Amino acid sequence: MSDMEQGYHYNVMRRAIESIDAGDEAKSLEDLAAEMGMSAAYFQRLFTKWAGVSPKRFQQYLTLGHAKVLLRDHFTTLETSNAVGLSGSGRLHDLFLRWEAMSPGEYARKGDGLVISWGWFDSPFGRSIVMGTDKGICGIGFAAEMGDAAAMQDLRARWPNARFEEVPERLQSWVEAAYAGKAGAGGKVPLHMIGSPLQIKVWEALMRIPLGEVTTYSEIARAIGKPAAVRAVGTAVGCNPVSWLIPCHRAMRKSGGLGGYHWGLPVKRALLAYETAQAEAR
């Protein structure tokens, strides 16, 4: 599936999700297809190609109660470990990522001396702004809820002293491999993690959550050795600049509430439902 097809499919899915949310009961395939202006057979085929499951099954994953089901049946405990990165964890996207963290001193300079390339790319979840240094992807944001300008400004504001260049071709191969969920021709997809020491510890913990599973903010706090710092951990989760690859959408409240999501709760719900479907299809 091409990037353009992915973006188109998500736009159709987003409209379908909004329609599902607007009703009090599950909608039939025929009703959803009619609202999308498609035949039932074509809509079913399009939806299943995007999600990996039928529209009826996906509706179950989109319900507000699905978060509680995930915590009950797919909760993961993050073992505190001195291991670096993802080694031995069998985690995100079958370990197709490799990462390098910026030093605290470099982080304090707010991007001074960095050249950050950027470009717009279609993704399974709509238009995305992707940014990267010569070491790897440092930012991914989704524009479906907040719009292009706000998404762009949001990422740029994180490294205000950097020099930004619109050179999407520098990122193209990394982005294609990232959205396909597998290593590119040159090996693992590289990430350049730009954050404070606490933020990077939290983001490392997020990368140990398996596909299709979730954890809680308090569990992340325990895993990084700061069990009383749940609020600070929640803030660090929300500051994650590399959405999707560093899966902050897999963190939620112990109550079963979704918690927040920087790029919009509809996107978080779509991400969780999509990943549940992908895990089921394996």
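The values are calculated or read from the model by the stated rules, or taken from the named source; none is laboratory data. Quick caveat, the model's predicted, so the values are computed rather than measured. Glycine also receives a Cβ, built like all others from the backbone with ideal geometry; neighbour counts cover every protein chain displayed.
Some observations on this one:
- When LEU198 is tested against (1) within 17 Å of TYR261 (Cα to Cα); (2) free of Cβ contacts under 8 Å to residues at least 40 places away in the same chain; (3) among the hydrophobic types (A, V, I, L, M, F, W, C), exactly one condition is not met: (1).
- Applying the criterion of being of a type in the set (Asp, Glu), surrounded by 12 or more Cβ atoms within 10 Å (Cβ to Cβ) and within 26 Å of TRP120 (Cα to Cα) to the residues of the stretch 1-42, the residue that is modelled with the highest pLDDT is GLU5.
- Any hit, the stretch 226-238, residues being small (Gly, Ala, Ser), closer than 24 Å to CYS138 by Cα, under 11 Å from the mean Cα position of the chain (by Cα) and surrounded by 22 or more Cβ atoms within 10 Å (Cβ to Cβ): no
- Of all the residues in the stretch 124-153, those that are free of Cβ contacts under 8 Å to residues at least 24 places away in the same chain and more than 20 Å from ALA178 (Cα to Cα) number 4.
- Test: residue in the stretch 243-263 that is in contact (Cβ under 8 Å) with a residue 40 or more places away in the chain, part of a helix (DSSP H, G or I) and over 12 Å from the mean Cα position of the chain (by Cα): no
- Flag if TRP174 is part of a loop (DSSP other than H, G, I, E, B) and buried (at least 17 other Cβ atoms within 10 Å of the Cβ): no
- Residues that are in a loop (DSSP other than H, G, I, E, B), in contact (Cβ under 8 Å) with a residue 40 or more places away in the chain and in contact with a helix residue (DSSP H, G or I) (Cβ under 7 Å, 6 or more places away or on another chain) within the stretch 221-238 comprise just one, ILE224.
- Per-region count, the stretch 98-113, residues modelled with pLDDT of 85 or more and hydrophobic (A, V, I, L, M, F, W, C): 2
- In the stretch 43-50 there is no residue matching the filter, namely being at pLDDT 80 or above, surrounded by 14 or more Cβ atoms within 10 Å (Cβ to Cβ) and assigned to a loop (DSSP other than H, G, I, E, B).
Let's see how each residue does on (1) in a strand (DSSP E or B); (2) modelled with pLDDT under 95; (3) over 28 Å from MET13 (Cα atoms):
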residue: SER117; (1), (2), (3): yes, no, yes
residue: ILE129; (1), (2), (3): yes, no, no
residue: MET146; (1), (2), (3): no, yes, no
residue: PHE164; (1), (2), (3): yes, no, yes
residue: TYR179; (1), (2), (3): no, yes, no
residue: LYS182; (1), (2), (3): no, yes, no
residue: LEU198; (1), (2), (3): no, yes, yes
residue: ILE209; (1), (2), (3): no, yes, no
residue: SER218; (1), (2), (3): no, yes, yes
